[in-house]
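Working notes, beginning with the structure itself.
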Amino acid sequence: MSSADNPFKNSDGTELSCIQMLNLILDGDASPEQHQYFKKHLEECMPCYKSHELDIAIRDLLKVKCSGNHVPDDLVNRIKTASQKNNNGR
Ligand SMILES: [Zn+2]
C-alpha cells in the first residue's frame, strides 16, 4: 500500500495512528482532504470498521462538517466514547 496519498503525516514524516487521525478530525484541525481520506480509511481499516458505532458517528460528523455547520457536542462525545471503547482492545 502506498502511503504517498495519506494526507495524515507527522512533521517527521511518519503516519498517524487511527486514533490520532480521529482526534485531529474531532479537534477540527483536519483539512477536507483529510476528512475524505479518513472516510475511505474507515471502509478499509478493520479495527475502525469493526467499531460500527464509531463509523456511523464519524459519517454524521463528516456530513455536518462538509456542509459547514457547527458540530453538536453530543455527536463529538459519541465519537469520543466509541473511540475509547475501540481503543481498549489494543
Ligand atoms: Zn483505522
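Here, each number is a calculation from the coordinates, and none is a lab measurement. Just so we're clear, the structure is a prediction, and the values are computed from it rather than from any experiment. FYI the Cβ positions are ideal-geometry reconstructions off the backbone, even for glycines, and counts take in every protein chain you see.
Numbers below:
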item	result
Overall form of the chain per C-alpha gyration tensor (a/c, 1.5; a/b vs b/c)	oblate
Of the DSSP H helices in the chain, those whose Cα atoms cover at least 30 Å axially and whose Kyte score averages 1.6 or more	none
Neighbourhood net charge (13 Å Cβ-Cβ; Lys/Arg +1, Asp/Glu -1) for I58	+3
Cross-link partners of K85 among lysines (Cα-Cα below 18 Å; sequence separation of 8 or more within a chain)	K50
√(5λ) per eigenvalue of the Cα gyration tensor, the range 35-87, largest first, Å	18, 14, 6
Nearest-20 debye value, the chain charge dipole, Cβ charges on Lys, Arg, Asp, Glu	240
